[in-house]
Amino acid sequence: MDKRRTYVQTARAASTQLTRERILEATEASFERGPLAAVRIDDVARRAGVSRSTVYQLFDSRAGLLVALADRMRQQAGFDRLVEASIHPDARE
């Protein structure tokens, strides 16, 4: 039986999540300045206070970053709950 202690990096995971959120907030703020084409990784990284490589490490690509932002916005708006509610028939029918 392996009795080695499991090492859980909770502080690092929390820090990574905070960095991820800062990057997503910076990306969302980029939309205020212009259309989708105006969202540049360099600008997002600078605004979030991270390097370009950190953005790519967390999101793989610009497309991955935009997909993550879309997912976050959908969750915040409760879109999944709306879709779920639309599946159920109306009580009056």
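Identify the trypsin sites (Lys or Arg not before Pro) of region 6-43 meeting these criteria: DSSP loop state and at most 16 other C-beta atoms within 10 Å of the C-beta. Filter output for region 6-43: ARG40. Shape class for the chain, computed from the alpha carbon gyration tensor (a ≥ b ≥ c): oblate, with a/c not under 1.5 and a/b at or below b/c.
Could you tell me which of rounded, prolate or oblate describes region 29-69, using a ≥ b ≥ c as the square roots of the eigenvalues of the alpha-carbon gyration tensor, with rounded for a/c under 1.5 and, failing that, prolate when a/b is larger than b/c and oblate otherwise? Oblate.
Would you compute, from DSSP H runs of 4+ residues alone, the mean residue ellipticity of the chain at 222 nm, taking -39500 (n - 2.57) per run and dividing by the full residue count, rounded to the nearest 500? Working shown, then result.
Working: 5 runs with 65 residues, N = 93.
That calculation yields -22000 deg cm²/dmol at 222 nm.
Heavy-atom accessible surface of the chain, averaged per residue, reaches 78 Å², computed with a 1.4 Å probe.
Sorted by accessible area with a 1.4 angstrom probe, largest first, how do ARG52, ARG46 fall? Could the numbers behind the result be given before it?
Details: ARG52 115, ARG46 165 Å².
Greatest to least solvent exposure: ARG46, ARG52.
The values are calculated or read from the model by the stated rules, or taken from the named source; none is laboratory data. Predicted model only: the values in this text are computed from it and were never measured. Cβ: placed from backbone, ideal geometry, glycine included. Neighbour counts: every protein chain shown. Just the protein is used for accessible areas: all its heavy atoms, side chains included, with ligands, DNA and RNA removed. Shrake-Rupley method; radii C 1.70, N 1.55, O 1.52, S 1.80 Å.
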